[in-house]
1. Determine which single condition Gly29 fails, assuming it passes every other condition in (1) within 22 Å of the chain's Cα centre (by Cα); (2) modelled with pLDDT under 90.
2. With respect to the numbered conditions (1) touching a residue at least 24 places away in the same chain (Cβ under 8 Å); (2) surrounded by 15 or more Cβ atoms within 10 Å (Cβ to Cβ), which one is the sole condition not fulfilled by Glu186?
3. From the list Thr199, Thr169, which residue is farther than 18 Å from Trp101 by Cβ, surrounded by 20 or more Cβ atoms within 10 Å (Cβ to Cβ) and in contact (Cβ under 8 Å) with a residue 24 or more places away in the chain?
4. Looking only at segment 28-73, which residues are among the basic types (Lys, Arg) and in a loop (DSSP other than H, G, I, E, B)?
5. Got a sec? Which of Val131, Val148 is surrounded by 17 or more Cβ atoms within 10 Å (Cβ to Cβ), within 12 Å of the chain's Cα centre (by Cα), not hydroxyl-bearing (Ser, Thr, Tyr) and not assigned by TED's automatic domain parsing to the domain that holds Glu73?
6. In segment 74-95, which residues are without any contact (Cβ under 8 Å) to a residue 40 or more places away in the chain and part of a strand (DSSP E or B)?
Amino acid sequence: MPKEPAPNEPIRIRLAPAARDALAHALAGRPNGSGIRVWVERGMHPHPQMMVDLPSHRDVPVTVDGILLLVDEASKKFLLDAEIRYRTDRTPPGFEVVGPWLPAQAPTGPPPAAPPVAAGAGVAPELEARVKEALKTIYDPEIPMNIVDLGLIYGIRWKDDGELAIQMTMTSPGCPAVEELVKEVETAAAPAAGAKRATVEVVWEPPWGPERMTEFAKRQFGYA
């Protein structure tokens, strides 16, 4: 199993200029010592949250461009090398936190229509890429990395007309979240491929190992 970021890893968070200005405005008039609490809700879809708050003894505080950020130890590994942005192209405008340890956004736009295919046919490269982008929003609940870059997806093919078959594995046979991960993958893969249904087969051969991770994941975990 890959090693997680070291507990003493320094917090590296960047603030986009618009985010820095918006956070400074949010802190204006607040009690002295107030900061911006940034934390990550754990699970298969880790997602960051933000609020104005006062520091506590459990925080790992860091000041970025004059803004005090309050981060807890559990969230710290997800926020390494993250960037806080302020999006004005949304209604209403709001913040987003992006980074290598956080899920990518799912593909947007209408899904492609499922083509007529024969059982066992491979998936077109562009369609496979779209499915994998959707699956990158799903994280292993025990490791801060998405299941695609971890190398858990072994194959994607058409099972029969309109149905998608996915072979995947787990980092260990004793993974307690097998059923939930399978359901998440089936739910995300079908609309991304334009398929009426997706089914997942969990396989254990060949066994998973760190060598199956993408170069990106290997770099994040110190294997490359």
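The values are calculated or read from the model by the stated rules, or taken from the named source; none is laboratory data. Please read all numbers here as calculations on a predicted model, not as lab measurements. Cβ coordinates were reconstructed from backbone atoms using ideal geometry, including for glycine residues, and neighbour counts include every protein chain displayed.
1. With (1) within 22 Å of the chain's Cα centre (by Cα); (2) modelled with pLDDT under 90 applied to Gly29, the lone miss is (1).
2. Every condition holds for Glu186 apart from (1).
3. On the way: Thr199 fails: surrounded by 20 or more Cβ atoms within 10 Å (Cβ to Cβ).
Matching residue, one of Thr199, Thr169: Thr169.
4. Of segment 28-73, the ones among the basic types (Lys, Arg) are 30, 37, 42, 58.
Once the filter is applied, which keeps residues that are among the basic types (Lys, Arg) and in a loop (DSSP other than H, G, I, E, B), segment 28-73 yields Arg30, Arg42, Arg58.
5. On the way: Val131 fails: within 12 Å of the chain's Cα centre (by Cα).
Only one candidate qualifies: Val148.
6. Listed by number, the residues that qualify are Arg87, Gly94.
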